[in-house]
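The values are calculated or read from the model by the stated rules, or taken from the named source; none is laboratory data. Since this is a predicted model, take the numbers as computed values, not measurements. No Cβ is skipped: glycine too gets one built from the backbone with ideal geometry, and neighbour counts run over all protein chains shown.
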Amino acid sequence: MKKVLGGKLRLKTVVSSVSAAALLVSGVQLGVSSSANAETPKTGGTLKLLMHFPSLDYLDPNRVYTGRDLQWLGGTITRTLTAYKAVPGAAGTEIVADLATNTGVPSNKAKTWKFTLRPGSTFEDGTKVTCEHLKYGASRSFATDVITDGPMYLVSWLDIPTYENGDSFYKGPYADDEFGQTYYDRAVTCSADNRTITFNLSKSVPDFNAFTTYSAIAPVQKSKDGGETYDARPQSTGPYMIKENNKTHLLLVRNPKWNKASDPIRTPYPDQQELIFGLDEEVIDQIMLNDSEKNAINFDGPLSTNKTKFFPASSDPKYASLKARTMNNVEPFVGYLPFNLLKMPCKDLRAAMVYSRNNKAILDYNGGEKFSGAYATGVISPTMGLDYAPTKILGPGSKDFLPEGNVAKALEYMNSAKTSCPEDYARATDPARGISIAVGTSSTLEDTIPINQAAWKRAGIYVKYDIIKSKYYSTVLSPKNPNDISSSGWASDWQNASTVIPELFASFGGFDMTKAEDAKDPAYPAIIAKINKALNTLDRKAQAKLWKELDVQIAKEFWYIPTVFGKAQEVWGSGLGGVYFWQPQGTPAYRSIWIK
């Protein structure tokens with residue numbers, strides 16, 4: 001799952017009860033605010049969510065893939081077959097039934113999954129939700145020329161043949177293709193009464209019902225689907241619906257067709273929810289510090305430069321009031337900078353950039369270990385428990401890692417690059433050309449860009465930045481992205497690194513920004529072979545061993561620059577209750593917030 005990005009790296013995994021307990025023992029606040037259980041919730045009012053970007057990446061359920069947006073939209077307008085329990089702590093990782101009557105019935109060694117729908121669930125126009133709506137909604141993910149940037153698990157898992165190049169026989173609902181449609185109709189079937197949907201998979205997927213918490217399997221009415229334009233105004237199946245979506249805000253109002261009896265897991269306390277776009281980050285922070293919008297929450301999190309103001313010393317007069325409406329949590333996201341190997345094929349140059357980055361300066365700028373997190377050792381987070389181990393290749397544990405950057409080691413690689421890839425070396429060391437990095441807009445960039453440029457210049461590498469002001473992920477995931485490196489953050493979609501390593505590095509993954517296969521990187525064949533072996537390994541401990549080995553194997557190729565195992569700070573107005581940290585998406589539990 002993608003992390004929401006700005007210059008301050010504000011960006012999913014389910015934290016196991018074991019790892020949650022470990023975090024509590026270590027003294028890390030897991031974010032159960034005093035407002036979560038001190039008073040009785042009430043209905044009414046307008047919840048305001050303040051953000052600096054000019055829009056969300058997506059509203060289309062098949063394309064929503066950031067933890068924050070999955071959580072908020074999943075609690076307001078988009079229902080799914082299953083969901084996570086809306087409670088604080090490790091109990092929040094429990095999968096419960098949503099549109100379905102149960103959490104799914106597996107058979108055939110978990111290659112077949114059946115879900116029967118609850119009665120009474122409808123769209124906002126009153127149309128009854130049926131199996132066919134879910135089947136159609138799921139089919140949209142196959143239209144990869146139209147529906148982009150969402151999770152691609154169904155394309156990989158459904159029992160539909162593929163061509164030699166890996167493309168599915170089925171091209172989605174917009175293609176006039178009876179041949180492909182026949183295969184899809186066999187892979188996803190509906191019962192005669194249109195209440196039971198069956199997914200037939202090509203491999204055993206014991207945790208398929210974790211994927212069905214995602215809106216990529218949300219019901220969509222074919223008659224309402226405009227393809228790419230559906231993103232502007234998706235139909236609601238939840239307790240709210242879209243009233244307005246423009247350049248200044250997204251306004252949700254109550255959905256009169258929503259039936260609480262058919263939806264036992266959502267608690268729509270506010271009458272309205274208003275997401276306000278395009279606010280200056282400093283303005284948002286001052287609103288929060290002054291508590292001038294008591295019914296508002298910062299949808300992005302505070303600026304790095306203001307974190308000490310939100311978390312003052314206990315002797316500060318504002319300490320008690322701020323403590324009651326702030327959280328500082330270990331989050332499941334891992335920050336990393338993936339290289340586009342089509343543009344950065346030179347391993348020596350990539351290694352030089354890894355070693356010359358000043359990790360300490362950036363970590364300190366973002367608040368140090370207290371607020372920013374810990375130096376990353378790979379792309380699998382410590383919150384993954386069974387699947388995590390330090391790679392000892394990158395970050396702490398590596399003999400060559402220095403927090404401020406190992407310039408001597410970087411220069412060794414640059415000397416090698418002179419002969420191994422002279423053209424790439426020449427470009428990287430040319431101030432007029434250099435290396436291009438994509439980053440989401442933030443007011444902190446005026447500070448962090450010079451820090452990074454100075455660090456890489458120590459190895460003779462010149463870097464320029466492409467600041468993307470909106471639709472960040474759709475821009476960097478596009479084949480037309482001109483940049484050499486992108487800024488990113490990722491967390492597992494559930495408690496298995498099958499939702500990390502393949503997603504980030506396999507050509508069939510939904511978030512492969514390295515393009516290693518297209519670049520014909522010599523390490524790719526061995527890595528993809530082991531990825532496929534891990535995906536087909538049902539013994540969980542044996543599978544975890546393979547994921548850890550892959551984390552090491554990929555680290556050795558320098559396909560990315562590791563940054564941080566993250567922490568996240570949240571702040572809200574004193575007029576809000578029910579705020580707590582929700583582990584499944586590593587965000588505040590927006591669906592539980594009420595106005596005092």
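Structural remarks
- Selection from the range 540-589 of residues that are within 30 Å of Arg350 (Cα to Cα), among the hydrophobic types (A, V, I, L, M, F, W, C) and in a loop (DSSP other than H, G, I, E, B): Phe558, Trp559
- Hits in the range 570-584 - residues which are surrounded by 24 or more Cβ atoms within 10 Å (Cβ to Cβ) and in contact with a Lys or Arg (Cβ under 6 Å, 6 or more places away or on another chain): Trp572
- The range 422-478 - residue that is of a type in the set (A, V, I, L, M) and in a loop (DSSP other than H, G, I, E, B) and, of those, surrounded by the fewest Cβ atoms within 10 Å (Cβ to Cβ): Ala432
- Residue, surrounded by the fewest Cβ atoms within 10 Å (Cβ to Cβ), within the range 272-295, restricted to residues that are over 17 Å from Leu322 (Cβ atoms) and of a type in the set (Asp, Glu): Asp280
- Test: Lys135 is within 19 Å of Tyr174 (Cα to Cα) and among the charged types (D, E, K, R): yes
- Pair list, Cβ under 8 Å, 6 or more apart: the range 355-383 residue at positive phi, other residue modelled with pLDDT under 95 and outside any helix (DSSP H, G or I): Gly373/Val330; Gly373/Glu331; Gly373/Gly566; Gly373/Lys567
- Test: residue in the range 504-524 that is over 26 Å from Phe401 (Cβ atoms), more than 18 Å from the chain's Cα centre (by Cα) and not in a loop (DSSP other than H, G, I, E, B): no
This table checks each residue for (1) of a type in the set (D, E, K, R); (2) farther than 15 Å from Ala361 by Cβ.
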residue	(1), (2)
Gly378	no, yes
Ala389	no, yes
Val407	no, no
Lys418	yes, yes
Glu423	yes, yes
Gly434	no, yes
Ala438	no, yes
Ile451	no, no
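- Against the conditions (1) within 21 Å of Ala110 (Cβ to Cβ); (2) modelled with pLDDT of 95 or more; (3) surrounded by fewer than 23 Cβ atoms within 10 Å (Cβ to Cβ), Ala529 satisfies every one except (1).
For (1) among the small types (Gly, Ala, Ser); (2) at pLDDT 95 or above; (3) under 30 Å from Leu337 (Cβ atoms); (4) in contact with a helix residue (DSSP H, G or I) (Cβ under 6 Å, 6 or more places away or on another chain), each residue gets a yes or a no:
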| site | (1), (2), (3), (4) |
| --- | --- |
| Ser17 | yes, no, no, yes |
| Ser26 | yes, no, yes, no |
| Val32 | no, no, no, no |
| Ala36 | yes, no, no, no |
| Lys42 | no, yes, no, no |
| Leu56 | no, no, yes, yes |
| Thr76 | no, yes, no, no |
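- Residues located in the range 464-481, provided they are touching a strand residue (DSSP E or B) at 6+ places or on another chain (Cβ under 9 Å), under 13 Å from Met513 (Cβ atoms) and not aromatic (Phe, Trp, Tyr): Thr475, Val476, Leu477, Asn481
- Residues (touching a helix residue (DSSP H, G or I) at 6+ places or on another chain (Cβ under 7 Å) and aliphatic (A, V, I, L, M)) located in the range 191-210: Ile197, Leu201, Val205
- Residue within the range 552-565 that is over 18 Å from the mean Cα position of the chain (by Cα) and under 30 Å from Gly92 (Cα atoms) present: no
- Yes/no for Phe558 being assigned by TED's automatic domain parsing to the domain that holds Pro522, of a type in the set (Phe, Trp, Tyr) and over 20 Å from Lys309 (Cα atoms): yes
- Any strands (runs of 3 or more DSSP E) falling wholly within the range 296-377 and containing at least 3 residues that are surrounded by 20 or more Cβ atoms within 10 Å (Cβ to Cβ): 296-298, 326-338
- Matching option when the condition is modelled with pLDDT under 95 and of a type in the set (Val, Ile, Thr), among Thr514, Thr537: Thr537
- Check on Thr196, among the polar types (S, T, N, Q) and over 23 Å from the mean Cα position of the chain (by Cα): yes
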